[in-house]
Amino acid sequence: MANTSDYEEESEISESEIEESVEKFYSQLQSNQYKVKRSGKTFRCPFCPGKKKQSYEYKEIVQHATGIGSSSSSRHKPKSKAEHQALSKYLKNDLADPASLLQVAIIRPSPQRNDEEKYVWPWMGILVNMPVWFQDGRFVGDNRDELILKLSEFNPSDVHPLGDHKGHTGKCIVEFGTDWIGFRNAMSFVKHFQSRGVGRRDWGKNKQTSEEMHGWVATELDFNSGGIIGGFLKQHGVLKSVNDVMLEESKRIGSRVTDMTMQIEAKNKDLHEMQYKCHAKAFSLERIMEDNERIVQSFNEDRRRLEEDVIRHQRHVLEQNEKMRKELEYNRRQLEASDKQINMESSQYEINKQELQNQRQKNAEIEQKKADEEVLKLIEQQKREKEENLKRIVQLQKELDAKQQVELEIEKLKGQIEVMHHMGGGKDDSTVKEKIEKLKEELKDKMEEMEVSEDLYRGLVAKERIANDEVQEARKELIQGLENMLGGRSSIRLKRMGELDSKVFKEIAQARNGNDLEATLAWSKWQKEVQDSNWHPFKIVGQKGREEEVIKEDDEKLVQVRNEYGEEVYEAVKTALLELNEYNASGRYPVTEIWKIKENRKATLKEVIQYIFRQWKLQKVKRNNL
């Protein structure tokens, strides 16, 4: 039994919780948490794993689930009843396909039976002359569960013992359900009692003398008989012929088959649409694969060329290394020969050593002087370039002013010519024409002068752009060279412009809960926000010609970061936004810049060169001390 198997869980439910539990188990059955259908047309009860019989036909498992689910016996606990009620509902609603319904619908009664005979529906059987005995002042007999067990071979859906004020009357009504399986069980019930000679007719003949229990199926005769049996039948059933039930069943199944046919047609339509979309996707995917293959081929070709370049470069490097090794070997041999010569001339060694030290001192002074001269030359060159750039800017401004002046004069001459044209046609017409011709000549001269100014202006702008590119290229080279040179205590360092200070987020996290992971996630989130090109929390202020962009203090995201993390994080985000807007507004990603830490500003090329020279002198002094 299900209540004694390993399947039963520790928790149990009460009678009042059965209805709620039925829905829970029904949902679990629908989600396939329990396996009900075995294979083909056989089924199993997932709630009775310890029972010997594990394979049922559809009608058998429906009767099994219905019998236990509606049982009032204390042997079946409330949880077992809820499980089997859910199984019965699942079998009837989810596993009864149209073919099964039609198969059930076409069951016919035996040819010997009159289809127009009216039966009590739901199908019911009648038992009379049941054994009863007198106990505690009342007649008693078998109860409902005992009768269901005794009549189990007929698969009754319920049994109703009939009683009156004296107790058990020795009569009961047996229900077989409303379907054709129930009808077949009712007919088996009738044949069983008829074959033993205890049917309806036998009861009519032997009711006064027989001690046997008699049984038959409830018909119109019993329905209209009156008494306790007729009253129960009228209260719980109606009269229908087999043809009436078949007609109603056919209409119901026909309607259901029509609905399912319409659903199938809708599903087929959806399937065709999905197939069309699938074919379109497949065609698109095929094109993407072809493009991807072309890209891969191009990538492989580029990689092959790159590998060839690398091999050629490596070969060249090896050749250069071999050449330098030979030169070093030659120098080593020369040094060895010199050492031998020095050893042979030991008496002259001290003098030569002193002279050599003097010479080294002179050479160091000469090298120091040359280095100083080189630095001064670099500084002077930078100064000259700066002055040239300033001169170019001044010249560009003058040329721009001259151009604007010429444009004004041209517009003025055009206006004068237009006025002269309007004044023509009077007595002084020839004089006006002469003035117009003279103004046209002046206009032509001014136009030529403006063209010359424009050519000169474009040339100066191009030179200015080239000079600026050279300065930026030199700055990039310095940044690359300084990456391994600058330390944590250097006055000049490399700074990532537009990158958030992670220390601020860590300090906030430590103050709150000490969670470094939360600080890292917050920093990563707001770094992405800062680099998002769609976020531009700036506004333009100032008069025309002197406009500048400043942070919008009331921006929604900035207000959010201030409220969530405080003033320090807000200032860090604000600084990163300003840096990106100044140094890489188009790309919106951090860039490296040489930075003066104390002054908190960008270092000039002159300051960088002076710093490098100081570091070179310090390294030289250290080497000399060694």
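Computed on the Cα trace of region 526-626, the radius of gyration divided by the Kirkwood hydrodynamic radius gives Rg/Rh = 1.18. The lysines within cross-link reach of LYS435, meaning a Cα-to-Cα straight distance under 17 Å and a gap of 8 or more places when in the same chain, are LYS412, LYS414, LYS427, LYS444, LYS446.
Converting phi to 3J(HN,Hα) with the Karplus coefficients 6.51, -1.76 and 1.60 and the offset θ = phi - 60°, region 562-573 yields 5, 6, 7, 10, x, 5, 5, 5, 4, 5, 5, 5 Hz in sequence order, with x at every glycine or proline. Rg ratio for region 248-319: its Cα radius of gyration over 2.2 N^0.38 Å, N being its residue count, equals 2.70. By a 1.4 Å probe calculation restricted to protein chains, TRP616 has an accessible surface near 100 Å², given to the nearest 10.
Residue by residue, region 197-210 carries 3J(HN,Hα) couplings of x, 10, x, 5, 5, 5, 5, x, 7, 10, 5, 7, 10, 6 Hz when phi is fed to the Karplus relation 6.51 cos²θ - 1.76 cosθ + 1.60 (θ = phi - 60°); x denotes Gly or Pro.
Counting only residues at least eight positions apart within a chain, or on another chain, the lysines with an alpha carbon under 21 Å from that of LYS166 are LYS207.
Here the scattering of region 529-572 is modelled by Debye summation over its C-alpha atoms, one equal scatterer each and no solvent; at q = 0.17, 0.26, 0.31 Å⁻¹ the log10 of I(q)/I(0) is -0.56, -0.96, -1.12.
Looking at this model, which pairs from LYS41/LYS79; LYS81/LYS234; LYS171/LYS205; LYS495/LYS598; LYS506/LYS557; LYS503/LYS622 are more than 24 angstrom apart at the alpha-carbon? Mind showing how you got there, number by number?
Values: LYS41/LYS79 28 Å; LYS81/LYS234 29 Å; LYS171/LYS205 18 Å; LYS495/LYS598 13 Å; LYS506/LYS557 20 Å; LYS503/LYS622 36 Å.
Violating the 24 Å limit, Cα to Cα: LYS41/LYS79; LYS81/LYS234; LYS503/LYS622.
Amide H contacts of PHE538: LYS552, each under 5 Å away and 5 or more positions distant or on a separate chain (H built 1.01 Å from N in the peptide plane; Pro and chain starts excluded).
Based on protein heavy atoms only, region 495-568 ends up with 69 Å² per residue of surface accessible to a 1.4 Å probe.
Checked against a 19 Å cut-off, the cross-linked pairs LYS340/LYS362; LYS24/LYS59; LYS51/LYS92; LYS476/LYS602; LYS596/LYS617 give Cα-Cα distances beyond that limit for LYS340/LYS362; LYS24/LYS59; LYS51/LYS92; LYS596/LYS617.
The values are calculated or read from the model by the stated rules, or taken from the named source; none is laboratory data. Note that the structure is predicted; figures quoted are calculated from it, not measured. Heads up: the accessible areas ignore ligands, DNA and RNA and are worked out on the full protein's heavy atoms, side chains in. Shrake-Rupley method; radii C 1.70, N 1.55, O 1.52, S 1.80 Å.
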